[in-house]
Amino acid sequence: MRKLLFESLIRPPLTERAPQVSDAAVDELARALDGMARRKLGRSLSIRAVDAGSCNGCELEMHALNNAFYDIERFGFHFVASPRHADVLLVTGPVTKNMREALKRTFDATPNPKWVVALGDCAKDGGCFAGSYAVVGGVSDVVPVDLHIPGCPPPPIEILKGLIALLDGANGNARKSQAGTARA
């Protein structure tokens, strides 16, 4: 144990390098996204995360959006604790039999206009858990899905691109993006 402690004091920390982006470009993107959300909703975009039975890989990447590196709140996106305050349900994992009713109730409790985003391969079709006795299937087997963001797990930047595509598609301009397909 002592050896590990001394090695950790000598070795530099492993971190990701910050993306090479100008501050002006980030500020412009933040203003555009915030303006888009305010035009469509009259306020910032509120996201409710729902774990329908995942392995927590997608949750780790989704929660990384709140750290200082990605700082999703500068774009006008906020995570909320209640579906009653949400505009978007961000659902991870295959829907298990135990979570089917909870997901339906969460969807019903979310006010209109609302969007559902299936995050990760498991949320699309059950992923590696498909066919299990405990799994109903993907999110679209329980509630209508507006956007699917593929990956196992998808990196935070892809999640952000998907949310941007969702807002862009909400204008009636449903378009295919790298993150998936948004429906109008």
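The values are calculated or read from the model by the stated rules, or taken from the named source; none is laboratory data. Keep in mind that what you see is a predicted model, and the values were worked out from it rather than measured. Counting neighbours? That spans all protein chains shown, and the Cβs are built from the backbone with ideal geometry, glycine included.
Some notes on this structure:
- If you filter the stretch 148-184 down to residues that are out of contact with any strand residue (DSSP E or B) (no Cβ under 8 Å at 6 or more places or on another chain) and among the β-branched types (Val, Ile, Thr), you find that the one that is modelled with the highest pLDDT is 157.
- Considering 18, 25, 30, the condition of being modelled with pLDDT under 85, more than 16 Å from the chain's Cα centre (by Cα) and surrounded by 11 or more Cβ atoms within 10 Å (Cβ to Cβ) is satisfied by 30 alone.
- Here the helices (runs of 4 or more DSSP H) wholly within the stretch 69-172 that include at least 1 residues being of a type in the set (D, E, K, R) and touching a helix residue (DSSP H, G or I) at 6+ places or on another chain (Cβ under 8 Å) are 121-125, 156-169.
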